[in-house]
1. If I ask for residues that are within 12 Å of chain B (Cβ to nearest Cβ), of a type in the set (A, V, I, L, M) and open to solvent by less than 30 Å² (accessible area, probe 1.4 Å), which ones from region A:352-374 would you list?
2. Considering only region B:140-194, state which residues are at positive phi and at pLDDT below 95.
3. So A:A286 fits all but one of (1) more than 9 Å from chain B (Cβ to nearest Cβ); (2) in contact with a Cys (Cβ under 6 Å, 6 or more places away or on another chain); (3) among the small types (G, A, S); what number is the exception?
4. Within region A:265-276, work out how many residues are part of a helix (DSSP H, G or I) and more than 8 Å from every other protein chain (Cβ to nearest Cβ).
5. Of the residues in region B:213-229, how many are within 7 Å of another protein chain (Cβ to nearest Cβ) and basic (K, R)?
6. Within region A:292-314, which residues are under 20 Å from A:W5 (Cβ atoms) and facing another protein chain (nearest Cβ under 9 Å)?
7. I need the full set of residues from region A:266-285 which are in contact with a Leu (Cβ under 8 Å, 6 or more places away or on another chain) and either surrounded by 16 or more Cβ atoms within 10 Å (Cβ to Cβ) or among the hydroxyl-bearing types (S, T, Y) (or both), in order please.
8. Need a quick list: strands (runs of 3 or more DSSP E) entirely within region A:143-203 having at least 2 residues that are surrounded by fewer than 22 Cβ atoms within 10 Å (Cβ to Cβ).
Amino acid sequence: MEFGWTAEQDEFRERVRAALDELLPADWDEVYVPQSYASDLQVEFSRTFCAGLAERGLLVPHWPKQYGGNDADDWQHFVLGEEMKAAGEPRGPQYMNVNWIGPAIMRYGSDAQRREHLLGISSGKIIWCQGFSEPGAGTDLASLKTRAENRGDHYLVNGSKIWTSYARKADRCFLLARTGAGRKEISVFLLPMSTPGISVTSFPGLIKDGHLNEVFFSDVKVPVSARLGEEGAGWKIITYALSYERVGVTRYHAGLEALNIAIGKLKKQSRFDDPVMQSRAGMIAAKFEAARLLTYRVVDLRVHRIADTAEANLCRIASLDAVEDLMDFLVQYVPDCLTGGDALLEDYYRINIPAGITGGTNELQLDLVARRALGMPGRT
Amino acid sequence: MNFQLTEEQSALVAAVQQILQDHADLPQSARAASHWFNETLQALLAENGYLNVGREFGALEAALVVIEAAKMPVLTEVAATALIAPQLLGEESLEGPVAILNGRDLSRAHRNLPIARHALIDLGDDVALLPIEAENVETVPSILAYPFGRFRRPPDLRAARRLRCQAGALRHWWRVALSAESAGAAQAAVAFTLNHVKQRHVFGHPVAVFQSVQHRMVQCHMVATALYYLALRAAWSGKVYDADVAACYAQQHIKKLVVDLHQFSGAMGVTNEFALHLWTYRLRALQTEAGGMVECALDIARHR
């Protein structure tokens, strides 16, 4: 058992930090980060930034060499994610590409799809959006109604998606659509957002601009060759893909960073000598450290090729607990963070408003751990 | 980073589990007791070298033994003897059981004092190493699941050996030890309650079928799992911050563990015959030690 980083992992982290220093503009913290990683500004910037990462071999180091990677282990992939998250996720939406869209295409895609998409992702210039949620189907994805009707040589897609982050700027959509009457008769399609019949509208909300979009599909013709895997295999594919997303979000890192920013601000104002405030900050840090170790454990299981029963779900539950405490701390002790007083903390707060909902609600995570890890019975 | 035990560590854990399991049961006469200290098992652990692993192998290995011992319904004193004392005394061994005392209030009842051969007393800067005279200790009855006792007359600290400037190290390793002990007790309490809610039927269903129970059980499982790794990281690194984090996390979640696990055990959980209290009321006893949650949290904040 070993809780430290190897020299090689430390060296890799330094390489990532050096790349961040080189690639981020001088006004990154002041201008870009406060706009959120889903903003048009950051989404567009990600094309330059990720291309720069790709040139340095730091965009998809964990991918196989044949697809532009370096066969690096899961820990390197994870260190990369930690550093990106701590820097405000300058990869923008492309974290999805490298974490789970690419791996899903590698596993389930045809040779033509791999050729078409993987080199695009590993070059860092392609923006994807995730066409999953609908007004009536969020966590309960199997209820989705967007339909892809098989017309022989193509599918005809009709329906709508909502909460589709980055959709305004996306080049492609990883779309889930119903291809049969059965609850889980769902398929995945990889389609250009420029396909005729697709339109996007945005609407305001509590979280920052760029996340809240609705995408409409009106008689969209999609070739059969754009289907990922077999017809009806969508459930299996997204289960695989989301298992990567669940551990892909290193919330503890951003949380500890935000806590440090808040503490720094309070110290400057000579307010951090209040022991009540200090103890609350300490307790929050302890919770984030717990989330960190539970997250590391998931990566460790992956490295050792040990089946993950529900450990990824458990680390999300732990992270959320800490995130909610920190949000409360911010409102209580740095109240001007939501009224223009601190753009970074406002961004942290607002991006985390749906933290218990995105990627499967907290209740779903709890259900999955109860069932898979604790062997508790389902409802009869 | 590697969360898997090495072959040697796995062998150590398996071996200590074997000896603990062979002596896990409470005797009939102790079924209604708040705790039961197994003197025979304590001696066996010492004879077989398990209380010396901190010296022979390191703090991480000692913490693994502490965790396994804390899972048992019968009580042994491992944390102070095997984990804390070697950090203060180096190669010198100390006859256990050892009690850890806060010197600011020696008149109160102290955990493990009735069974202790020695006490390590936090005097602020120094540590006093005090041999315990059994006739100077009176047992204090308590629902807390450790033997508690107080001195009949104040101990003569002038006669005790002084470990100069070691109090900081004592508090540091006390926090590591209480985290490890809490991790083992929490894991055992969760496993015990999980078994109960799967067996016990209410309204025609096992208690475990209800989502309100499932979600809180998962949260307790999460706490126990996180605590296991936090405690082991603190033992591995020897860093003060890691010890503060582990102890703070343990102490801020003990309320949840005690309240939820007893809640799901219903009225059975308030009887001593139902073994849950052997772990939950160990946790309660550990909740305020080494400064308690707030002191730990303040120390974490000072690091930031």
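The values are calculated or read from the model by the stated rules, or taken from the named source; none is laboratory data. Model, not experiment: these values are computed from the prediction. Note that we place each Cβ from the backbone using ideal geometry, even for glycine, and neighbour counts take in every protein chain shown. These accessible areas exclude ligands, DNA and RNA; they are computed on the full protein's heavy atoms, side chains included. Shrake-Rupley method; radii C 1.70, N 1.55, O 1.52, S 1.80 Å.
1. If we filter region A:352-374 for residues that are within 12 Å of chain B (Cβ to nearest Cβ), which is where we start, we get A:361-374.
Next, from what is left, pick out any that are of a type in the set (A, V, I, L, M): A:364, A:366, A:368-370, A:373-374.
Result: A:L366, A:V369, A:A370, A:L374.
2. Residues of region B:140-194 at positive phi: B:165.
Listed by number, the list is empty, since nothing qualifies.
3. The single condition A:A286 does not satisfy is (1).
4. First, pick out the residues of region A:265-276 that are part of a helix (DSSP H, G or I): A:265-268, A:275-276.
Now restrict to residues that are more than 8 Å from every other protein chain (Cβ to nearest Cβ): A:265-268, A:276.
Here the count works out to 5.
5. The total comes to 0.
6. To start, the set of residues in region A:292-314 that are under 20 Å from A:W5 (Cβ atoms) comprises A:292-304.
Those that are under 20 Å from A:W5 (Cβ atoms) and facing another protein chain (nearest Cβ under 9 Å): A:L293, A:L294, A:Y296, A:R297, A:V299, A:D300, A:L301, A:V303, A:H304.
7. First pass over region A:266-285, keeping only residues in contact with a Leu (Cβ under 8 Å, 6 or more places away or on another chain): A:272, A:275, A:277-279, A:281-282, A:284-285.
Selection gives A:F272, A:M277, A:Q278, A:S279, A:A281, A:G282, A:I284, A:A285.
8. Values: elements: A:147-150, A:154-162, A:172-178, A:186-192, A:198-202.
Hits in region A:143-203: A:147-150, A:154-162, A:186-192, A:198-202.
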